[in-house]
Amino acid sequence: MKLWDSPCTSFPYSFDEVVSAFWDRYPNSHAKHILSEDVLERQITDNTIVTKKLIIKQGSSILKRVPRWISRMTDIRVVPVIEESVYDRVSKKLVTYTRNVSHLSLFELHERCVYKPSEDQHHPALLTDVLRSVTVSIDCGRMSSVYEQVLLMGFKKSINNTTKGMFEKLEEKFGVKHLANEKMKLIKEKIIKSSSNLVTHVKCEEENDKH
């Protein structure tokens, strides 16, 4: 099993705006691997909204490039996942849990995200922090550790498109911020660039493992 915590990402939008975009983030042009999204349950109280969704995704593009004779993992083309989100108006947090509900005999991938107002003292109302963590567990015999690394690598690479997709929906709903527009543009570029660099970190880890 491999566990990974991502660096903090900050969106240049308020917490309420990010939450609104999160619930309506599909479809977007950076999430073509999402085939369908359905709400299974939703419970609303005075201060919380708890939602359970079924999201159907295409299998990892990285695994598709692996020769089929190596592992049954390469046969995975569609992955249904359950996403549970808990929004708390009082604590100003949105916590999400995502897990695959098929192919459990081969692999398990669990993701946890926490959205909250930024701790940046200069712009707390204008920024929203996102913290991600993921655990990957694969049962494929001697190749398990290799496939865990490959699947984790694919997950990290997908964060770049996830970030771009959120920006697309935020700008559709709320526009590019008029306040300090140029500064907001620089923040956006920095966030997307840092998401892309996560793949470089994975390659470094793989190189270190070889030595």
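When the C-alpha to C-alpha distance is required to be over 22 Å, the pairs from K2/K157; K53/K93; K92/K173; K93/K173; K57/K173 that qualify are K57/K173.
For the residues S6, S20, a 1.4 Å probe over the protein chains yields an accessible-area ranking, largest first, of S20, S6.
Between D16 and L54, the simple spin-label model (points 7 angstrom out along Cα→Cβ) gives 3.4 nm. A simple spin-label model places the labels of S105 and S36 2.4 nm from each other, with each point 7 Å out along Cα-to-Cβ. Rounded to the nearest Hz, the phi-derived 3J(HN,Hα) couplings of the stretch 21-31 under the Karplus curve 6.51 cos²θ - 1.76 cosθ + 1.60 (θ = phi - 60°) are 5, 4, 5, 10, 7, 10, x, 8, 5, 9, 10, where x marks glycine and proline.
The values are calculated or read from the model by the stated rules, or taken from the named source; none is laboratory data. Being a predicted model, the structure only gives us computed values, none of them experimental. Using ideal geometry, Cβ is built from the backbone for each residue, glycine included, and neighbour counts are taken over all protein chains shown. When the accessible area is computed, the model is the full protein with side chains, heavy atoms only, and any ligands, DNA or RNA have been set aside. Shrake-Rupley method; radii C 1.70, N 1.55, O 1.52, S 1.80 Å.
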